[in-house]
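**Student:** Before anything else, here's the structure in question.
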Amino acid sequence: MINTKCQLKETLRFEEQIYRLLGYKGLIHALVSSCEVGYIFRYIRALRYDEYCTNNNSIYCRLMHRYWRRKHNALGIKLGIAIPVNTFDRGLRIYHSQGIIVHRDARIGKNCCLHGMNCIGNNGKESDSNNTPVIGDSCDIGVGASIIGNIRLGNDITIAAGAVVCKSYEDGCYVLKGVPAKGVRC
């Protein structure tokens with residue numbers, strides 16, 4: 001959760017370095033070339049500002065909250081990404097947009113990678129808020145992977161493409177693959 005301006009700046013600086021390694025060359029280049037990595041970073045930036053304004057009650061945040069929420073939602077619709085505020089810790093890396101859906105009660109740790117077409121959500125029982133995944137740090141979620149239900153995943157988990165995870169793996173260093181996903185120790 002981003003509560004202070006210092007945390008916001010530090011998180012954005014950290015995440016901008018991640019996207020520069022993926023090919024982000026700056027805002028002007030992203031706008032001129034319609035670079036997907038640039039659009040994804042703009043979405044991440046709007047998400048982080050939306051988080052800051054949601055968690056903070058300053059005059060600036062009360063004035064700018066609607067602007068950043070609208071920008072966050074508009075870019076999300078354009079890219080096909082639905083990530084609510086306060087779900088991901090810093091270091092979120094999205095390789096491909098389209099089809100990324102995260103439940104508002106899910107909690108994901110630092111340095112998570114999403115490769116596209118991912119679903120992180122509940123098992124259909126909306127009344128229970130404890131029915132969503134909690135994922136540790138440095139998790140790599142492959143293309144088309146889904147994480148569903150009240151499960152806990154530890155740190156350094158890799159989820160293979162197309163896997164459907166519906167069982168907890170609280171110890172770290174697993175590769176999860178298959179439908180339903182089965183874990184293989186790293």
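The values are calculated or read from the model by the stated rules, or taken from the named source; none is laboratory data. No experiment lies behind these values; they were computed from the predicted model shown. For neighbour counting, all protein chains shown are included, and Cβ atoms are generated from backbone atoms with ideal geometry for every residue, glycine included.
**Student:** Within the stretch 62-74, is even one residue crowded, with 18+ Cβ neighbours inside 10 Å, in contact with a Cys (Cβ under 8 Å, 6 or more places away or on another chain) and within 17 Å of residue 105 (Cβ to Cβ)?
**Tutor:** No - not one qualifying residue is present in the stretch 62-74.
**Student:** Next up: Exactly one condition in (1) out of contact with any Leu (no Cβ under 8 Å at 6 or more places or on another chain); (2) acidic (Asp, Glu); (3) in a helix (DSSP H, G or I) is false for residue 15; which is it?
**Tutor:** Unmet condition: (1).
**Student:** Kindly check whether there is at least one residue in the stretch 59-81 that is closer than 24 Å to residue 117 by Cα, touching a strand residue (DSSP E or B) at 6+ places or on another chain (Cβ under 6 Å) and not in a helix (DSSP H, G or I).
**Tutor:** yes
**Student:** Does at least one position in the stretch 14-24 carry a residue that is in the same structural domain as residue 149 (by TED's automatic domain parsing) and polar (S, T, N, Q)?
**Tutor:** no
**Student:** Then there's this: Restricting attention to the stretch 32-52, which residues are in contact with a Phe, Trp or Tyr (Cβ under 9 Å, 6 or more places away or on another chain) and farther than 14 Å from residue 11 by Cβ?
**Tutor:** 35, 37, 38, 40
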